[in-house]
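FYI, it's all coordinate maths here, none of it is from the lab. For clarity, every value in this text was computed on a predicted model and none was experimentally measured. Positions of Cβ are generated from backbone atoms using ideal geometry, with glycine treated the same way; all protein chains shown enter the neighbour counts.
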Amino acid sequence: MQEKRKTALVCGAGGFIGSHLVKRLKSEGYWVRGVDLKRPEFSPTHADEFFVADLRDQATVKLVIGEGVDEIYQLAADMGGAGYIFTGEHDVDVLQNSATINLNVAETNRRAKQMAKIFYSSSACMYPAYNQEDPGNPKCSEASAYPAEPDSEYGWEKLFSERLYLAYQRNIGMQVRIARFHNIFGPEGTWQGGREKAPAALCRKIASAKDGGKIEIWGDGLQTRSFLHVDECVEGIRRLMKSDFSGPVNLGSEEMISINDYAKMIMKIAGKKLDIVNIPGPVGVRGRTSDNRLIQEKLGWSPSESLEKGTRATYGWISDQVHSAAANAR
Ligand code: NAD
């Protein structure tokens, strides 16, 4: 007998990771419904059906979940890079919008005829700030989450929503999978406008600068991070969904680098020599990197490529965007 085609709903399918995930699910033979406030910015969606709609609205969530799907991937969130999250100006939006989406999705899934297995995208921003003060030795093991003290409302909302989905799992029997993403980057991600993250911002600044010129970097640039290519992230999501392990589990890279050194790596890729000017700006914790012991143990997963390799492809894509935007403006 032929196996029934699996159905998936991707919330946030117009966003960076969501649009890559839709492509992956399609390549695996899924029937995919996407929903987002906007369509993907840089290429047409691969979803079979796409709703431009607001997941804060309960009626919308009822409509997109319908009688139920096999799997829901909940990636929709009000988010951005340090310039969006750490200034404090968007705290009400971040808390209210993202929590409302998660409350709606969890409860509507519970009430659907067929309750889906659900993936929730949490973030390393939920880890306590007090464990991330040493740039050379941050602590981000899953068990170090409590006592909680995230350094942003974005992190608090992620922690709340993790707990929300886990409560639905305990009390209702909903099948839940949770990954804590650590700085995902890659082609077709936001690269300008205020919501872009460090890798895209650095690539844009370096692509825009003339050789021998300078670029500005927020903070002293000694803060450390690790970055994971979006293809690796999507692979991790799929492995987690196929496994019996619920998480929460880190999904990131352990290749930690300071922001100044990362800028130098990108300069090398670009073939440019630029001076770094460190200026005051929102930076977040001093050090953060993934701790992959648990994901390795449970899923046998770790990143397959170096930061430099992933960054090379991303720089190429952002450099093309910068130059075509400049050509269009002329
Ligand atoms: P993104 O901003 O590109 O995607 C999120 C999408 O959600 C956007 O397209 C946005 O329009 C959509 N959205 C927001 N509010 C909505 C609403 N009310 N109704 C419908 N859609 C709405 O971000 P991303 O980088 O693709 O991140 C995906 C998820 O992963 C998010 O939950 C984010 O918090 C999480 N995450 C990302 C990273 C990262 O480095 N990119 C790190 C940690 C966690």
Given H placed 1.01 Å from N in the peptide plane, which residues other than close sequence neighbours of L251 have an amide H under 5 Å from its amide H?
R180, F181, H182
Taking every other residue with Cβ under 12 Å from the Cβ of R180 and scoring Lys and Arg +1, Asp and Glu -1, one gets 0
Protection proxy ranking of 185-197, 60-72 - average other beta-carbon atoms within 10 Å, highest first:
185-197, 60-72
Ranked by GNM mean-square fluctuation in the chain (Cα springs under 10 Å), the top entry among P303, P128, P280 is P280
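Taking the mean number of other Cβ atoms within 10 Å as a proxy for protection, how do you rank 83-93, 151-161 from highest to lowest?
Details: 83-93: 16.4, 151-161: 22.7.
Sorting 83-93, 151-161 by mean packing, highest first, produces 151-161, 83-93.
Under 14 Å from the Cβ of R110, count the other residues' Cβ atoms, weight Lys and Arg +1, Asp and Glu -1, and hand me the total.
Numbers: positive: K62, R111, K113, K117, R170; negative: E67, E107.
Around R110, the surrounding residues sum to +3.
Compute the Cα gyration tensor for region 275-330, then decide on rounded, prolate or oblate, letting a ≥ b ≥ c be the square roots of its eigenvalues: rounded whenever a/c is under 1.5, prolate when a/b is larger than b/c in the other cases, and oblate in all that remain. Let's see the in-between values first.
Numbers: a/c = 3.42, a/b = 1.60, b/c = 2.14.
Oblate, because a/c is 1.5 or more while a/b does not exceed b/c.
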Quote the charge dipole size of region 203-294 about the Cα centre in Debye, to the nearest 20; the model charges only the Cβ of Lys and Arg (+1) and of Asp and Glu (-1).
280 debye
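Got the relative contact order for region 136-241 handy, in percent, Cα pairs under 8 Å and 6 or more residues apart? Display every interim value, and only then the final one.
Details: 50 pairs, mean separation 28.2, N = 106.
The value is 27 percent.
What is the local net charge at P128, summed over the other residues whose Cβ is closer than 12 Å to its Cβ (Lys, Arg +1; Asp, Glu -1)? Please list the in-between numbers first.
Numbers: positive: K139, R288; negative: E133, E149, D151.
Local net charge: -1.
Using the Cα centre of region 159-314 as the reference point, and only Cβ charges (+1 on K/R, -1 on D/E), how large is the resulting charge dipole? Debye, rounded to the nearest 20.
Values: 24 positive and 18 negative charges, 43 e Å.
Rounded to the nearest 20 debye, it is 200 debye.
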Once the dipole of region 37-150 is set up from charges on Cβ (+1 Lys and Arg, -1 Asp and Glu), the residue from the list V61, P44, G136 lying farthest towards its positive end is V61
Using the alpha-carbon atoms, what tilt in degrees (0 to 90, nearest 10) does helix 230-242 show relative to the longest principal axis of the chain?
20 degrees
Centroid-to-centroid separation of region 114-176 and region 213-286 [C-alpha atoms, Å]
20 Å
To the nearest 10 degrees, how steep is helix 16-27 against the longest Cα principal axis of the chain, on a 0 to 90 scale?
50 degrees
Ellipsoid semi-axes in whole angstrom, largest first, where each is sqrt(5λ) of the Cα gyration tensor of the chain
32, 23, 19
Within the set K197/K272; K197/K242; K26/K197; K26/K264; K62/K298, which residue pairs have Cα atoms separated by over 32 Å?
K26/K264; K62/K298
Give me the Å³ per residue figure for the convex hull around the C-alpha atoms of region 64-127.
87 Å³
For the chain, take the longest principal axis of its alpha carbons; what is the angle in degrees between that and the long axis of helix 91-111, to the nearest 10 within 0 to 90?
30 degrees
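If each DSSP helix of 4+ residues adds -39,500 (n - 2.57) and the sum is divided by the residues in the chain, what number results at 222 nm, nearest 500 deg cm²/dmol? Can you show the working numbers first?
Numbers: 10 runs with 131 residues, N = 330.
When only DSSP H runs of four or more count, the value is -12500 deg cm²/dmol.
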